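The values are calculated or read from the model by the stated rules, or taken from the named source; none is laboratory data. Owing to the predicted nature of the structure, the values given are computational and were not obtained by experimental measurement. Cβ sites come from the backbone with ideal geometry, for glycine too, and all protein chains shown count toward neighbours. Ligands, DNA and RNA are excluded from the accessible area calculation, which covers all protein heavy atoms including side chains. Shrake-Rupley method; radii C 1.70, N 1.55, O 1.52, S 1.80 Å.
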Amino acid sequence: MSSVVLKEINKSYVDCRALDNVSLSIEDGEFMTLLGASGSGKTTLLNVIAGMVEPDTGSVLISDTDMTWIESRKRGLGMVFQSYALVPHMTVEENIAFPLKIRRLSRSEIRQRVSGILKIVQLEHLAKRKPRELSGGQQQRVAIARCLVYEPPVILMDEPLGALDKKLRDQLQREIRRIHQETRVTIIYVTHDQEEALFLSDRICLMRGGRIEQLGTPEDLYFRPRNVFVADFLGESNLLDCKVESAKTVRLPGGQVLRATLPEHDDAEIGDDRQLMIRPDRLRFVENDDSALNTLEGIVDATAFVGEVTRYTVRIGQVSVIVKARPIPGACPRSAGSTVRVAWAPEDALILQPGSTD
Ligand SMILES: Nc1ncnc2c1ncn2[C@@H]1O[C@H](COP(=O)(O)OP(=O)(O)O)[C@@H](O)[C@H]1O
Ligand SMILES: [Mg+2]
């Protein structure tokens, strides 16, 4: 089984603690993304797994074997970085065959594997080209193919799409996802891009200051963030100051009492300061009050049609909220200045603590 287990990893440099007691288990076949802002420790953690950075304390297990002190090349992991590092005088085919030659596979085995992988990354028609005759996206596909071809149990990728423009990045994201689904190789992927992480991952490990802020599925992090930091990092959210009124209600500064959901891990007391988080796509407009929902009256400040949804800014007393609603064909959109009722289900309103600030 190609699982990766990290136990209590610590790594400090002279003036910073790059990894602060990180424990993480990655399952066989899983797509795990290390997500976080620049400097949060993602590359250091990936390099500890790769054997390129020694942890001060802690251990690294790969497929149940302790690899903490085993040198990098003996770990047998695949690696894909932002720079493609292809051999310039070799063709695509030769570049991909290279790791197999080093491993002394037979010629027929090499031919068979290279043609199989070229099919997976859809580069068969470019097999005879040199790297300089390829676009950035094609070069990165060669780098991925060169890594897949020797069937490493785990592939580590550090911002592999960081150098590409948005359109190519989108295309390669879809390809990496398809390749993962076809091969079911364990992938540990580093990015600072939350959309990329949401799209690709089975689970996301959100890092901050060398620690894991939250670990979970994309849905967990998006809909059940542990705190304001996580909510803010992933997607847009409405965050309203409030005070805890009871286990199931909060009070806004304007005095309105709203039903909301207090996460289990929060042992808040009445009167504690919190923030109420509601995703813009969980808010909707209603004509009449509905006892199953929270409703507030407001005035539309601005509207913007952005394709699939219309984005409204609605002023409710002292605060503004963003509402994202699908335009209803034929219906008249709410225009700026109109009075509206905004509603949401209590389970879509989370009572959150501010993120830890250290
Ligand atoms: N070789 C090094 N020497 C000193 N500090 C380092 C070194 N490598 C990383 N760091 C520091 O460790 C922290 C985490 O870095 P890194 O893992 O590269 O972050 P990320 O990949 O999330 O941007 C940063 O503060 C960085 O400056
Ligand atoms: Mg990095």
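Out of Asp232, Asp241, one residue alone is away from ligand 1 (no atom under 16 Å from the Cβ), part of a strand (DSSP E or B), over 27 Å from Ser63 (Cβ atoms) and of a type in the set (D, E, K, R). It is Asp241. Scanning the stretch 211-222 for residues that are in contact with a helix residue (DSSP H, G or I) (Cβ under 8 Å, 6 or more places away or on another chain) and either in contact (Cβ under 8 Å) with a residue 24 or more places away in the chain or open to solvent by 40 Å² or more (accessible area, probe 1.4 Å) (or both) yields a total of 2. When the stretch 8-36 is limited to residues that are aliphatic (A, V, I, L, M) and within 7 Å of ligand 1 (Cβ to nearest atom), the one that is modelled with the highest pLDDT turns out to be Ala18. If you go through the stretch 58-84 and keep only what is open to solvent by 70 Å² or more (accessible area, probe 1.4 Å) and within 14 Å of ligand 2 (Cβ to nearest atom), you end up with Phe81, Gln82, Ser83. The combined condition, being within 25 Å of Gly29 (Cα to Cα) and surrounded by 15 or more Cβ atoms within 10 Å (Cβ to Cβ), is fulfilled by Val114. If you filter the stretch 175-193 down to residues that are within 14 Å of ligand 1 (Cβ to nearest atom) and buried (at least 20 other Cβ atoms within 10 Å of the Cβ), you find that the one that is farthest from the chain's Cα centre (by Cα) is Ile188. If you go through the stretch 22-57 and keep only what is of a type outside the set (A, V, I, L, M), more than 16 Å from ligand 2 (Cβ to nearest atom) and not in a loop (DSSP other than H, G, I, E, B), you end up with Ser23, Ser25, Phe31, Thr57.
Among the residues of the stretch 116-158, the ones that are among the small types (Gly, Ala, Ser), in a helix (DSSP H, G or I) and without any contact (Cβ under 8 Å) to a residue 60 or more places away in the chain come to 4 in all. Contact annotation: residue pairs with Cβ atoms under 6 Å, 6 or more positions apart or on different chains, pairing a residue in the stretch 11-26 that is assigned by TED's automatic domain parsing to the domain that holds Ile204 and surrounded by 14 or more Cβ atoms within 10 Å (Cβ to Cβ) with a partner that is in a strand (DSSP E or B) and of a type in the set (D, E, K, R), are Ala18/Lys11; Leu19/Lys11; Asp20/Arg211; Asn21/Glu8.
Can you tell me which residue among Ser246, Ser237 is farther than 30 Å from Cys205 by Cα, open to solvent by 20 Å² or more (accessible area, probe 1.4 Å) and among the polar types (S, T, N, Q)?
Ser246
Does the stretch 37-57 hold any residues that are more than 17 Å from the chain's Cα centre (by Cα), within 11 Å of ligand 1 (Cβ to nearest atom) and open to solvent by 10 Å² or more (accessible area, probe 1.4 Å), and which are they? Those that are more than 17 Å from the chain's Cα centre (by Cα), within 11 Å of ligand 1 (Cβ to nearest atom) and open to solvent by 10 Å² or more (accessible area, probe 1.4 Å): Thr44, Asn47, Met52, Val53.
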